Amino acid sequence: MRLHMDGNRVLRRAWLGVAVFLTLAGPVRAQVAGGAPANLKLQLARQDASPTGGMQPQQMGQTAASGGSPFFGSVPQGTAIGEELPISLAEAIAGGLRYNLGPLLADQGGRAARGAHLIALSRLLPNIVTRTTESSQQINLAALGFTGLPGIAPIIGPFGVADARVHVSQSILDLPSIRSTRAASQDVKAADYSSLDARDAVVLVVTSLYLQAVADASRVDAAGAQVATAEAAYKQALDFKQQGLVPAIDALRAQVELQAQQQRLIFFRNEFEKQKLSLSRAIGLPDGQPVRLTDTVPFAPMPSLTLEQALSQAYGSRRDYQSAAASVRAVELMRKAAQAERLPSLQFYGDYGIIGQNFANSHGTYSAAVSLNIPIFQGGRVRGEVLEDDALLEQRRAQLADLRGRIGFEVRTAFLDLNAANEQVQVARSAQDLAQQQLRQAQDRFAAGVTNNLEVIQSQEAVATANENYISSLHAYNAAKATLGRAIGDAEKTISVFSSGGDAIMEDRVKSKEGKIQIDRQVDQEETQSEQAAMQPRSWLRRSPGAKLMILMLVAGLARLS
């Protein structure tokens, strides 16, 4: 019966690990592939803390780590040393934020978005090119259809042509490019928020792996205590058997229980070591580096936070929500850029240089033109682009609305899990005390010869079950706090606050808003500079050294010609 329950427990936790992997892998692939800003929503599977007789540990970390999610990988640093490296939860999070593969890939997505913004901005800035040529030519007029011209030889040349020239082109009024540049600025904002969201995801992953390792360490300690108790019970039963006080079945029963506890200890030790390997992989430790966990993460009361406060902070602090909102604004500007392609545009073209038979015998020439382009018929291309942007905009708006609802669902679910786990911890504590009392009374009854050791074996199983339920409940409680910290946003601060039991959540909320305002201001400044560069060419002429040089060259050429 016990083996059957243990097997069910393993299957449940294996499925939980698969769910975590699927939750992580999808958003990461979306972000790495580009396109729509990735929704780096990461929600760890809720830990199964229901009372059970099974003793198998939760295998979420190792199952997810065996998959391909970059949040469970890293770029290892340094070389391994022979001695154990002490690691606290704060140090593990710091290592994950620095070396975990997920934020590193997200940062590259931000760089790509900035590159796209520079490309869009280049369409509004001047394009200056210099070209220098020197050639020798001979022309056959007859080949061009000019024959029999009086006084003109059919063959002209050879003669030389030397030309050195500066060409400049500048957009004076180009609304599609202006709005495309503003859309690229919003894409940069979305990429920045996605990078921050990836950091929040790393904090949750590392915290979960650390908490799982702490729970496994507790299971090892509890299993070791059970082995010691079973060994003492076996020796006692063996002594009683040799004295003829109990039948051989009592000693045999105690020996079976001892070996069962030894098997569990071996299993838990192996799981603990594998969990530490998973943690090392996520925080960038070198391969083969032994670690020692320094934090036990005991029970700490939850900071005072109401559901309404959590929802309010989540809508204002969730980086994935802010990224999705920026993506919606980007598509809106893309649609306006497509609509603006029906409008006229104004361009300036000019060049100045010297030309002659050689550079020593040359003369300055120039050309300057302003081009007004008025679209008349474009074959339905503009209408097609507007329809594409409309469809994409509706998709982004629907995704944003769904994300808002999912945030509310995650916060409410985390609150339910947290309250349930808190109650389970209290019940599990009481069950531990009762199980210990039951074991002591059973041992006393067996020593007094009132009953056989069947009650002792059953009491040992009750103690083992109570210990497992308490460890699972405590881990579920701490994991629920971490999940809630991720659900309300800015996990770098909220998870540490929840873990310590502090009450600084509202202060962290203000800091999170300040970070959001800083990103918004940076993007707004970029948009303002783009608009000024496009809508105020005179201001650009005053600021641009290349423009000043071009004007001086044109003026000098005019003066020379006159």
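Readers should treat all values here as calculations from the given coordinates under stated rules, not as data from a laboratory. Computed from a prediction, not measured in an experiment: that's the story for all the values here. Glycine also receives a Cβ, built like all others from the backbone with ideal geometry; neighbour counts cover every protein chain displayed.
Descriptive notes on the structure:
- Separation of alpha-carbon centers, region 208-263 and region 302-354, rounded to whole Å: 63
- Restricting region 326-380 to trypsin sites (Lys or Arg not before Pro) in coil, as DSSP defines it, with at most 14 other Cβ within 10 Å: none
- Cβ-based exposure ranking for His363, His167, His475, in which fewest neighbours within 10 Å come first: His363, His167, His475
- Unsatisfied cross-links (Cα-Cα over 28 Å) in the set Lys336/Lys493; Lys276/Lys493; Lys189/Lys276; Lys235/Lys274; Lys235/Lys276: Lys336/Lys493; Lys189/Lys276; Lys235/Lys274; Lys235/Lys276
- Amide H contacts of Asp490 (H built 1.01 Å from N, under 5 Å, at least 5 apart or other chain): Arg319
- Overall form of region 267-370 per C-alpha gyration tensor (a/c, 1.5; a/b vs b/c): oblate
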